[in-house]
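Below: the structure, in structure tokens.
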Amino acid sequence: MKKILFIIAFMLFSISIFAQKTVVTGRITDKEGKPLPDVVVMLSGSTTVAAMSDSNGYYKITVPDASKAKLSASMISFKTVEKAVGGKTKIDFIMEDDTEFLDEVVVVGYGAMRRSDLTGSVASVSIDEGDAGQSASLDQLLQGKAAGVQVISNSAAPDAAVNIRIRGMSSLTGSSEPLYVVDGVILTGSNSSSMLSYGGDNTDADEASNALMGLNPRDIASIEILKDASATAIYGSEGANGVVLITTKMAKTEKPYMAFSVGLDYVTMYKRYDMLSFDEYVTYLEANTENEGSQGILNRIYDGYEGPENRGTLKVTPVDWQDYSLRNTLRQRYYFSVSGNPKTLYYNFSLGYNRNEGIVRTTGSNQLTMRLNLEKSISKKFKVGAKLNFSNVDSKGQQGANGGRQFASSSMMRSLLISKPYYSGNLDDYDEADEDWDTIDEDSKSTPNRWIKDSYSNRFEYRFTPNIYANWKISKVFDLKVTAGADWRMTQRTKWRGASINRTAGGATASVNNDEALRWNADVLLNYKKTFGRGHTLSGTLGATYTSSFSSSQSLLGYNIKHYELKSDVINSAPNTMFAYSETQSTTMSAFLRAIYNYRDRYVITSTIRTDGSSRFKGKNKFSWFPSFAAAWRINQEPWFKVDAISMAKLRLGWGQV
């Protein structure tokens with residue numbers, strides 16, 4: 001009896017499962033009844049159940065548990081519409097224009113303005129919480145999100161630098177990296193210092209590290225990219241390559257809101273190199289025995305080699321160096337935040353940790369970020385705030401691709417590609433002490449296993465980015481903002497290369513590099529906005545900024561080292577040492593004025609002028625001027641414009657000098 005009841009219950013349960021899936025169809029139109037294509041219809045609360053309307057506005061979507069499900073229809077410049085399914089199989093949507101989208105305030109240089117008032121080329125990157133949760137750094141958020149913005153990775157190393165280009169290369173000899181501004185603080189550029197080296201295999205510059213890793217993507221509220229000269233001229237010469245403006249999150253709710261998320265990625269190699277296996281390599285050698293080199297290698301591989309039919313005894317260990325050197329890995333992400341707005345105080349605190357194991361054995365990175373944003377209203381007209389960000393990056397790496405050298409001793413990847421598919425001896429059980437290039441077996445020099453055991457290039461960095469500000473609403477038309485911020489970085493790099501992979505150095509080499517970079521800026525901004533007459537609006541910003549930059553680098557190199565166990569820690573006892581120190585310092589004083597005229601939201605004119613005075617130049621070259629002008633005509637706001645299919649039509653014209 002119990003079995004019969006169980007079978008009946010199971011059948012009813014199965015029937016209910018299949019009954020829960022419902023196919024919903026419908027049509028999406030605007031208020032005039034015209035069909036809307038490419039509208040995204042999504043199951044609320046899901047990121048996988050979605051459909052898109054066709055050219056006639058029709059859609060079809062399969063919904064699980066239709067009795068409780070809700071569908072939302074969304075499209076840029078239209079308001080999102082949500083409807084409950086409630087067991088229905090046909091649901092139509094009528095979309096309305098989203099006027100708030102055009103009135104949305106976007107961040108521009110030293111201020112903000114309505115999207116509809118923009119005259120320069122400014123791209124806004126929407127921050128999706130899912131994408132932010134899967135990203136380890138800012139550059140990953142920008143990939144494929146804005147037209148004219150390229151994000152190029154230098155390598156697959158866990159902390160490898162990236163090149164971000166706005167509208168392509170802007171210089172043949174100088175840097176094309178854009179200017180990064182986080183909450184008004186200008187960040188220092190990529191970390192690409194070159195360490196001291198000795199020996200021909202060590203002459204290439206070390207790989208640059210990712211300077212954007214100190215900012216957690218989950219802390220970002222919005223990203224605006226200034227692309228053309230009319231938009232970037234307000235930053236003077238520093239805006240020549242474009243400007244990336246980043247605003248971090250503040251509290252959205254009065255009550256405390258806590259969030260915790262965990263992310264885990266399984267990472268595999270995208271593509272293997274098609275290399276000869278050990279058997280294929282031996283067959284290749286046997287087909288070329290007329291070559292004395294091939295015969296010599298066969299004699300080292302086999303004891304008593306006479307030919308393909310009688311190869312003798314194998315003396316080496318066959319190896320697939322890709323299988324040995326590379327691995328499948330896990331990436332872990334943890335993020336916690338708490339925010340709130342009790343009365344006159346806004347607060348947002350976050351803590352993030354990312355652990356990224358590299359594809360190459362022994363490589364990886366650990367990243368810790370901590371942020372505190374505070375804002376306090378002292379009165380209705382005066383408020384103060386502080387935004388503090390701290391980060392720590394600890395990365396373990398290898399020497400990457402070496403520019404022009406073709407030897408296995410040039411880099412780890414070169415070794416993996418050109419080392420013979422075997423090893424003379426035990427792969428992991430050998431003693432590197434007292435080894436030098438001349439005493440190592442010919443087929444064991446600079447092989448990947450020696451790179452993994454006897455080489456590293458590590459980075460350890462602290463970074464602190466504070467920002468304090470005060471806002472004073474002087475009158476109905478004037479307000480004053482004072483901001484001071486800094487970006488301070490302390491980086492230590494350690495590098496070790498044992499004698500078994502140093503073809504030209506004559507022994508092991510170790511180097512330590514200590515870099516310090518400090519950049520701080522103070523800004524004073526006076527803003528004006530007044531509407532007068534019939535539809536005339538005039539606004540502007542008068543500002544002054546002072547920037548100071550300092551950087552120093554200390555490098556110590558030791559070579560012909562014999563104390564292998566301690567590696568780079570014994571650099572002071574190296575028989576031969578080299579030392580280098582460099583330091584740079586500069587200041588810039590700037591003043592600027594921006595004026596914006598708007599008539600009835602149809603015609604907008606923006607004009608900017610900035611002057612920079614730099615301590616790097618003297619005489620007539622000390623100061624330079626950066627003017628810009630832009631105008632926009634919102635054609636769709638004209639009374640005679642009656643094209644219902646076009647919700648936004650704007651003609652822009654801009655010019656600038658940077």
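When the residues of region 18-46 are filtered to those that are at pLDDT below 85 and among the β-branched types (V, I, T), which remaining residue is farthest from I646 (Cα to Cα)?
Top of the filtered list is T22.
So which residues in region 493-537 are out of contact with any helix residue (DSSP H, G or I) (no Cβ under 9 Å at 6 or more places or on another chain), open to solvent by 40 Å² or more (accessible area, probe 1.4 Å) and not in a strand (DSSP E or B)?
Answer for region 493-537, where residues must be out of contact with any helix residue (DSSP H, G or I) (no Cβ under 9 Å at 6 or more places or on another chain), open to solvent by 40 Å² or more (accessible area, probe 1.4 Å) and not in a strand (DSSP E or B): G533, R534.
Identify, please: which residue in region 342-359 is in contact with a strand residue (DSSP E or B) (Cβ under 8 Å, 6 or more places away or on another chain) and either farther than 25 Å from N216 by Cβ or part of a loop (DSSP other than H, G, I, E, B) (or both) and is, among those, most open to solvent (accessible area, probe 1.4 Å)?
T344
If I ask for residues that are open to solvent by 70 Å² or more (accessible area, probe 1.4 Å) and either polar (S, T, N, Q) or in contact (Cβ under 8 Å) with a residue 40 or more places away in the chain (or both), which ones from region 628-647 would you list?
F629, Q637, D644, A645
Between a residue in region 314-333 that is charged (D, E, K, R) and any residue that is not in a strand (DSSP E or B), which pairs come within a Cβ distance under 6 Å, given they are 6 or more apart or on different chains?
As it stands, the answer is R327/R361, since those pairs meet every condition given.
Of all residues being of a type in the set (D, E) and in contact with a strand residue (DSSP E or B) (Cβ under 7 Å, 6 or more places away or on another chain) in region 23-46, which is surrounded by the fewest Cβ atoms within 10 Å (Cβ to Cβ)? Just the residue, please.
D38
Assuming S237 fulfils every condition listed in (1) of a type outside the set (K, R); (2) in contact with a Gly (Cβ under 7 Å, 6 or more places away or on another chain); (3) modelled with pLDDT under 85; (4) closer than 26 Å to A522 by Cβ apart from one, which condition is it?
(2)
Scan region 588-627 residue by residue and report those that are open to solvent by less than 80 Å² (accessible area, probe 1.4 Å) and in a loop (DSSP other than H, G, I, E, B).
Scanning region 588-627 gives D601, R602, S615, K622.
List, please: which pairs have Cβ atoms under 7 Å, are six or more places apart or on different chains, and start with a residue in region 528-541 that is within 17 Å of T608 (Cβ to Cβ) and end with one that is surrounded by 15 or more Cβ atoms within 10 Å (Cβ to Cβ) and at pLDDT below 90?
Between residues of region 528-541 that are within 17 Å of T608 (Cβ to Cβ) and residues that are surrounded by 15 or more Cβ atoms within 10 Å (Cβ to Cβ) and at pLDDT below 90, the close pairs are T541/Y110; T541/G111.
Which of the following residues is free of Cβ contacts under 8 Å to residues at least 40 places away in the same chain and of a type in the set (D, E, K, R): E461, E516?
Sole residue among the options that is free of Cβ contacts under 8 Å to residues at least 40 places away in the same chain and of a type in the set (D, E, K, R): E516.
Go through region 225-268 and report how many residues are outside any loop (DSSP other than H, G, I, E, B), of a type in the set (A, V, I, L, M), open to solvent by less than 50 Å² (accessible area, probe 1.4 Å) and out of contact with any helix residue (DSSP H, G or I) (no Cβ under 6 Å at 6 or more places or on another chain).
Counting residues in region 225-268 that are outside any loop (DSSP other than H, G, I, E, B), of a type in the set (A, V, I, L, M), open to solvent by less than 50 Å² (accessible area, probe 1.4 Å) and out of contact with any helix residue (DSSP H, G or I) (no Cβ under 6 Å at 6 or more places or on another chain) gives 10.
Filter region 112-133 for residues that are part of a strand (DSSP E or B) and open to solvent by 20 Å² or more (accessible area, probe 1.4 Å); which is nearest to V243 (Cα to Cα)?
Among those that are part of a strand (DSSP E or B) and open to solvent by 20 Å² or more (accessible area, probe 1.4 Å), it is V122.
Any residue at all in region 47-56 that's modelled with pLDDT under 75, out of contact with any helix residue (DSSP H, G or I) (no Cβ under 6 Å at 6 or more places or on another chain) and either within 30 Å of L593 (Cα to Cα) or open to solvent by less than 30 Å² (accessible area, probe 1.4 Å) (or both)?
There is no residue in region 47-56 that is modelled with pLDDT under 75, out of contact with any helix residue (DSSP H, G or I) (no Cβ under 6 Å at 6 or more places or on another chain) and either within 30 Å of L593 (Cα to Cα) or open to solvent by less than 30 Å² (accessible area, probe 1.4 Å) (or both).
The values are calculated or read from the model by the stated rules, or taken from the named source; none is laboratory data. On a predicted model such as this, the values are computed, not experimentally measured, just so you know. A quick note on method: Cβ atoms are made from the backbone with ideal geometry, for glycine too, and the neighbour counts reach across all protein chains shown. The accessibility values were calculated without ligands, DNA or RNA, using every heavy atom of the protein model including side chains. Shrake-Rupley method; radii C 1.70, N 1.55, O 1.52, S 1.80 Å.
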